[in-house]
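Below you'll find the structure, written out as structure tokens, and then a few comments.
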Amino acid sequence: MYVIAIANYKGGCGKTTTAINLSACLAYEGNKTLLVDFDPQAYATIGVSWSSKEAKREIYPVIMNAGLADCQIVESIQTVEEGLDFISADESLVQVNEQLSRQVRRHERLSTCLQQIERQNLHYDYVVIDCASNMDVLMENALFCCDELIFPIKTSFLSLHSITNMLKFCHRIVDKRSYPIQVRAVATMFDVRKKIAREVLSNIKDYFGDYLYQTVVRTNVKLEEAVGLGVPITIYDRQSSGFQDYKSLAREVSKQRIVRS
């Protein structure tokens with residue numbers, strides 16, 4: 001199980017779009033994948049809502065009961081399409097920050113839940129977490145359990161300004177772990193026609209160097225339409241540039257994967 005957190009507290013960067021469609025394309029490439037909506041806004045849940053045949057337990061009670069018999073994370077898993085499962089969220093997830101803020105080892109809840117999945121012999125090649133947009137208890141949990149952190153960065157003005165604080169927060173969590181986080185970035189919402197987009201992409205490349213994925217996710221209306229219909233791009237339009245870009249990213253992620261020692 002290789003855990004990827006998709007995070008950026010700057011809105012409008014394609015975070016949830018990346019979480020949904022990277023997950024879907026990893027599954028398309030033959031990897032059993034679990035998408036976890038860990039954002040109280042629940043946009044990832046909305047983005048795969050077409051496949052929801054029945055109401056199941058959201059992630060909030062799972063986190064609150066982590067390590068207990070009532071955790072029941074396996075019972076929360078739903079199927080989106082072949083190879084792709086997900087766990088939904090709703091606005092109640094925001095209560096985690098208040099209820100766990102003074103708890104010892106509060107940052108280990110999600111990790112404990114994922115370990116329960118493995119103990120029940122459910123195999124996932126990848127778990128992709130759509131993180132909340134705040135540097136809070138939810139983010140602590142996502143960073144503590146992930147092998148890789150991916151920043152989706154919109155190719156627009158001010159896009160890099162949120163990254164420095166995010167990296168500082170990340171380093172605080174790394175100190176609590178027994179292994180490092182692989183930090184990478186992907187450029188998103190790129191419009192080759194715009195000079196500012198080309199300039200920002202160059203700045204992103206300078207900032208991240210070899211830690212920037214070579215795939216650049218282009219602006220594509222099909223990605224927006226797919227989210228609006230509640231399906232990943234793998235279901236909606238496999239001829240679109242959005243599908244091609246996220247398929248390329250999924251292949252890169254697989255190649256760059258670093259297995260936990």
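Only one of the numbered conditions (1) modelled with pLDDT of 95 or more; (2) of a type outside the set (A, V, I, L, M); (3) closer than 17 Å to Lys15 by Cβ is violated by Gly228, and that is (1). State yes or no: is Ile173 within 19 Å of Gln72 (Cα to Cα) and not in a loop (DSSP other than H, G, I, E, B)? No, not satisfied.
Does Tyr43 satisfy the criteria of being of a type in the set (Ser, Thr, Tyr) and touching a Cys at 6+ places or on another chain (Cβ under 9 Å)? Spelling it out, it is not the case that Tyr43 is of a type in the set (Ser, Thr, Tyr) and touching a Cys at 6+ places or on another chain (Cβ under 9 Å). Every test in (1) touching a residue at least 40 places away in the same chain (Cβ under 8 Å); (2) out of contact with any Cys (no Cβ under 6 Å at 6 or more places or on another chain) is passed by Val62 save one, and that test is (2). Sort out which residues of the stretch 172-219 are at positive phi and in contact (Cβ under 8 Å) with a residue 12 or more places away in the chain, and write them in order of number. Of everything in the stretch 172-219, just one residue is at positive phi and in contact (Cβ under 8 Å) with a residue 12 or more places away in the chain, namely Met189. For the stretch 72-124, residues that are hydrophobic (A, V, I, L, M, F, W, C) and outside any helix (DSSP H, G or I) total 9. I'd like the residue in the stretch 231-259 that is aliphatic (A, V, I, L, M) and assigned to a helix (DSSP H, G or I) and, out of all such residues, is farthest from Lys15 (Cα to Cα). Filtering first and then ranking leaves Ile235.
Only residues that are crowded, with 18+ Cβ neighbours inside 10 Å and in a helix (DSSP H, G or I): list them for the stretch 212-230, please. The answer is Leu223, Ala226, Val227.
Please indicate, with yes or no, whether at least one residue in the stretch 234-255 is under 19 Å from the mean Cα position of the chain (by Cα), hydroxyl-bearing (Ser, Thr, Tyr) and buried (at least 18 other Cβ atoms within 10 Å of the Cβ). Yes. Looking at Leu35, Leu22, just one residue is outside any helix (DSSP H, G or I), buried (at least 24 other Cβ atoms within 10 Å of the Cβ) and touching a Leu at 6+ places or on another chain (Cβ under 8 Å), and that residue is Leu35. Of the residues making up the stretch 125-150, those that are of a type in the set (A, V, I, L, M) and either assigned to a helix (DSSP H, G or I) or at pLDDT 90 or above (or both) are Val127, Val128, Ile129, Val137, Leu138, Met139, Ala142, Leu143, Leu149, Ile150. Among the residues of the stretch 176-193, is there at least one that is in a helix (DSSP H, G or I), modelled with pLDDT under 95 and surrounded by 14 or more Cβ atoms within 10 Å (Cβ to Cβ)? No, because not a single residue in the stretch 176-193 is in a helix (DSSP H, G or I), modelled with pLDDT under 95 and surrounded by 14 or more Cβ atoms within 10 Å (Cβ to Cβ).
Of the set (1) at pLDDT below 90; (2) among the small types (Gly, Ala, Ser); (3) buried (at least 17 other Cβ atoms within 10 Å of the Cβ), all apply to Ala89 but (1).
You will find that of Thr16, Thr45, the residue that is of a type in the set (S, T, N, Q) and farther than 15 Å from Asp85 by Cβ is Thr16 and no other. Residue selection: Lys56 fails the criterion of being in contact (Cβ under 8 Å) with a residue 60 or more places away in the chain, among the basic types (Lys, Arg) and farther than 27 Å from Leu167 by Cβ.
Cβ separations smaller than 9 Å between residues 6+ apart or across chains give the following pairs from the stretch 84-96 residues that are more than 12 Å from Val36 (Cα to Cα) to residues that are of a type in the set (Lys, Arg) and assigned to a helix (DSSP H, G or I): Val96/Arg106; Val96/Arg109.
The values are calculated or read from the model by the stated rules, or taken from the named source; none is laboratory data. Computed from a predicted model, the values in this text were never measured in an experiment. Ideal geometry is used to build each Cβ from the backbone, glycine not excepted, and the neighbour counts take in all protein chains shown.
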